[in-house]
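**Q** My questions will all concern the structure given below.
A short reminder: the numbers here are calculations on the coordinates, not readings from a lab. The model shown is predicted, which means the values in this text are computed figures rather than measured ones. Don't worry about glycine lacking a Cβ; one is built from the backbone with ideal geometry, like all the others, and counts go over all protein chains shown.
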Amino acid sequence: MARRLLIAGRGKFAIDCLKYIQRLAPDCALYVLAEIEPVALGITLARFCERSNIAYSQYRQLNTARNLKQASTFGADLGVSLNNFQIIKSPLLKSPREGFINFHNGPLPRYGGVNVCSWAIINGEKNYGVTWHFMDEGVDTGDIVAQRHFAIPAYSTALDLTMTCIDTGLEMLEQLAPLLAEGIIPRKQQPDGRRSYFSMRDVPNDGRIDFNWSSDRIERFVRGLSFQPMPNPFVYPQLRYAGSTFYVSRVSPQTESNGLQSAPGTIVKMSEEGIRVTCGDGKIILCELMDTEFNAIPLGRFITEHRMAVGDIFH
């Protein structure tokens, strides 16, 4: 008898995973719970299902009586959560006979929660990973199905690392999909090692750059909060000068000593290529700035309009 898979999620990653499952597990019956999403970033999961003749329904809130009834009627063997940011509560979670598995773009248990690619870069991690895991009553605490680790490429932004995670997760699914079709799903408990969890409320230093930090830390902070050219789903690194708030999209660290002649945050040199500012262990160059509407600001204009002068200090 064909296996029955219940899919819940949204976006391109869910679509790409469905394509893998269709190709590698063609005998599986599918039903999709597709979150309603804007079409601005491309085809939606619901539209893909419609084009591919996959049975689906749409939702804004996942844990509704309607979704539970549809899932129960479908009678899934296994649920698969793909790019789903809503916690699946117990009744729906237990609806598939074998429970739900989920893709997480971080190594568990070290990086659970959301925005974990940003946190890994900000924390200076050299190695990272992704995890397919069973879901339980906790968040990112269920048994591991498969996990893969890799070195973080040098100078990766949050978007770069996120894309690396997605590509790695899809490569792993190529091996997992036939196992899902056969009902042979490996699982092992998460190790007892260091566990971290990052919630939506956790924001690094409230998004503010601190010039008391080292130049390397400031550079990692900005890079870890960079999603260009995509919209930033987390927080933009910000500074204040002369009563105005603006955002920093790129910096360049300088290793020469501050010499303790200027307080951290002091402007020591300016040009259209960058604003050089002292920091905890040397200097940092502000290379690209944005206004509060997230539009790029030409540095020459910014310097002139704010009447910047060497010796001025950022808040």
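**Q** Take the chain, connect every pair of alpha-carbon atoms lying under 10 Å apart with a spring to form a Gaussian network, then pick out the residue of Phe227, Phe211, Phe85 with the largest mean-square fluctuation.
**A** Looking only at Phe227, Phe211, Phe85, the biggest GNM fluctuation is shown by Phe85.
**Q** Also: State the extension gain, in nm to one decimal, for the chain segment bounded by Tyr197 and Leu68, taking 0.36 nm per residue of separation less the distance between their alpha-carbons.
**A** Numbers: separation 129, 0.36 × 129 = 46.44 nm, distance 2.81 nm.
Gain on stretching Tyr197 to Leu68: 43.6 nm.
**Q** Here's something else I'd like to know. Given the alpha-carbon gyration tensor of segment 30-92, what are the semi-axes of its equivalent ellipsoid in whole angstrom, ordered largest first, with each equal to the square root of 5 times an eigenvalue? Before the final figure, lay out the partial values.
**A** Numbers: eigenvalues 78, 41, 19 Å².
They are 20, 14, 10 Å, listed largest first.
**Q** Cα centroids of segment 27-88 and segment 142-191: how far apart, whole angstrom?
**A** 21 Å
**Q** Report the chymotrypsin sites (Phe, Trp or Tyr not before Pro) located in segment 117-176 that are in a DSSP loop and have at most 15 other Cβ atoms inside 10 Å of their Cβ, or state none. Mind dumping the intermediate values first?
**A** Numbers: sites: Trp119, Tyr128, Trp132, Phe134, Phe150, Tyr155; in loops: Tyr155.
Taking segment 117-176 and a limit of 15 other Cβ atoms within 10 Å, the loop chymotrypsin sites (Phe, Trp or Tyr not before Pro) found are Tyr155.
**Q** If I take the Cα coordinates of segment 1-109 and project them onto the principal axes, what are the three extents in Å, biggest first?
**A** 34, 32, 31
**Q** For the residue pair Gln58 and Met230, what label-to-label distance in nm results when each label sits 7 Å from Cα along the Cα-to-beta-carbon direction?
**A** Reported label-point gap for Gln58 and Met230 is 2.2 nm.
**Q** Suppose every K and R has +1 on its Cβ and every D and E has -1 on its Cβ; what is the size of the dipole of segment 71-152 about the Cα centre, in Debye to the nearest 20?
**A** Details: 6 positive and 7 negative charges, 28 e Å.
For this selection, approximately 140 debye.
**Q** Over segment 183-246, consider all pairs of different Cα atoms and compute the Kirkwood hydrodynamic radius from their mean reciprocal separation; express it in Å, one decimal. Write down the numbers at each step before the final one.
**A** Numbers: mean 1/r = 0.0665 Å⁻¹.
Across segment 183-246, the inverse of the average 1/r is 15.0 Å.
**Q** Strictly greater than 20 Å: what percent of every Cα pair in segment 204-305 meets that? Present the calculation step by step, with values, prior to reporting the outcome.
**A** Numbers: 1725 of 5151 pairs.
Pairs farther apart than 20 Å: 33 percent.
**Q** Right, here's the next one. Mind checking which of Leu173, Ser81, Ile303 is farthest towards the positive end of the chain's charge dipole, using Cβ charges of +1 (Lys, Arg) and -1 (Asp, Glu) about the Cα centre?
**A** After comparing all options, I get Ser81.
**Q** Taking every DSSP beta bridge with both residues inside the chain, roughly what % is antiparallel (nearest 5)?
**A** On the way: 35 of 57 bridges.
For the chain, the DSSP antiparallel bridge percentage is about 60.
**Q** At most 11 other C-beta atoms within 10 Å and a DSSP loop state: those are the exposed trypsin sites (Lys or Arg not before Pro) I care about. Give me the longest piece of the chain that has none.
**A** Values: sites that count: Arg60, Lys126, Arg194, Arg201, Arg307.
Longest site-free region, per DSSP loop and neighbour criteria: 202-306.
**Q** If each residue's Cβ is checked for other Cβ atoms within 10 Å, how do Val277, Val114 rank with the fewest at the top?
**A** Details: Val277 27, Val114 20.
Going from sparsest to densest Cβ surroundings: Val114, Val277.
**Q** Only Cα pairs within less than 10 Å get springs; with that Gaussian network setup on the chain, which residue of Val248, Val139, Val80 has the largest fluctuation?
**A** Highest fluctuation among the options: Val139.
**Q** Could you calculate the contour length gain from Lys19 to Leu179, that is, 0.36 nm times the residue separation minus the distance between their Cα atoms, to one decimal place in nm? Each step should come with its number before you reach the end.
**A** Working: separation 160, 0.36 × 160 = 57.60 nm, distance 1.57 nm.
That pair, Lys19 and Leu179, stretches by 56.0 nm at full extension.
**Q** Two-decimal Rg/Rh of the chain from alpha-carbon positions, Kirkwood Rh? Write out the running numbers ahead of the final one.
**A** Values: Rg = 23.2 Å, Rh = 21.7 Å.
With Rh from the inverse mean 1/r over Cα pairs, Rg/Rh is 1.07.
**Q** Have a look at Asn212, Cys279, Leu30 and report the one farthest towards the positive end of the charge dipole of the chain, computed about the Cα centre with Cβ charges (Lys/Arg +1, Asp/Glu -1).
**A** So the residue we want is Leu30.
**Q** Among Ala242, Ala29, Ala154, which one moves the most in a GNM of the chain with springs linking Cα atoms closer than 10 Å?
**A** Judging by the Gaussian network model, the answer is Ala154.
**Q** Also, quick follow-up: Can you give the Rg and Dmax of segment 30-172 based on its C-alpha atoms, in angstrom?
**A** 16.3, 49
**Q** Based on Cβ point charges of +1 for Lys and Arg and -1 for Asp and Glu, what charge dipole magnitude is obtained for segment 4-197 about its Cα centre, in debye rounded to the nearest 20?
**A** On the way: 20 positive and 18 negative charges, 75 e Å.
So the magnitude is around 360 debye.
**Q** Now a separate question. Using the 10 angstrom Cβ neighbour count as an exposure proxy, how do Cys28, Cys165 rank, fewest first? Mind dumping the intermediate values first?
**A** Values: Cys28 17, Cys165 25.
So the residues, fewest neighbours to most, are Cys28, Cys165.
**Q** So, with +1 on the Cβ of K and R and -1 on the Cβ of D and E, and no other charges, what is the size of the charge dipole of segment 127-245 about its Cα centre, to the nearest 20 debye? It would help to have the intermediate numbers written out before the result.
**A** On the way: 11 positive and 15 negative charges, 90 e Å.
Around 440 debye, computed over segment 127-245.
**Q** A further question on this structure: How much length would be gained if the chain were fully extended between Phe85 and Lys269, taking 0.36 nm per residue of separation minus their Cα-Cα distance, in nm to one decimal?
**A** Values: separation 184, 0.36 × 184 = 66.24 nm, distance 4.45 nm.
Separation in residues times 0.36 nm, less the Cα-Cα distance, equals 61.8 nm.
**Q** For Tyr20, Tyr111, which order do you get if you count the other beta carbons within 10 Å of each Cβ and list the fewest first?
**A** Details: Tyr20 15, Tyr111 26.
Taking fewest neighbouring Cβ atoms as first place, the list is Tyr20, Tyr111.
**Q** Let me ask something additional. Scan around Thr157 for amide H atoms under 5 Å from its own, H built in the peptide plane at 1.01 Å from N, and keep only partners 5 or more places away or cross-chain.
**A** none
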